[in-house]
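The structure under discussion is supplied below as structure tokens; questions concerning it will follow.
The values are calculated or read from the model by the stated rules, or taken from the named source; none is laboratory data. Treat the numbers as computed from the prediction; the structure is a model and nothing was measured. Quick reminder, even Gly has a Cβ in these numbers, built from the backbone with ideal geometry, and neighbours come from all protein chains shown.
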Amino acid sequence: MAVRIFCTCGTEITQEISMWDRKTRTVFWMDEHPPLCAACQKRQPVASLVKPVQDSGAGAADIRKKLAAR
């Protein structure tokens, strides 16, 4: 049974995905990184491609040090 890959807009993009990606990427990876068709890639602004970096908790450690110093 062949797996077909669709863009978030519903367009089938199975042939646009490389053979390596089709063989190695899991369904769960595709859910986390949804592939886009050429039309959706053009519409998507560059800013939305960059994910914000989450705080590693360094700020919380600084607060604990300040409270401990009191």
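Considering Ser48, Ser18, which residue is out of contact with any helix residue (DSSP H, G or I) (no Cβ under 9 Å at 6 or more places or on another chain), hydroxyl-bearing (Ser, Thr, Tyr) and at pLDDT below 75? Explain how you work it out, then say what you get.
Working: Ser18 fails: at pLDDT below 75.
Going through Ser48, Ser18 in turn, the sole match is Ser48.
Within segment 1-40, how many residues turn out to be surrounded by 13 or more Cβ atoms within 10 Å (Cβ to Cβ) and not in a helix (DSSP H, G or I)?
Residues flagged as surrounded by 13 or more Cβ atoms within 10 Å (Cβ to Cβ) and not in a helix (DSSP H, G or I) within segment 1-40 amount to 10.
Quick one: count up the residues across segment 1-15 that are at pLDDT below 85 and in contact with a Pro (Cβ under 6 Å, 6 or more places away or on another chain).
Here the count works out to 0.
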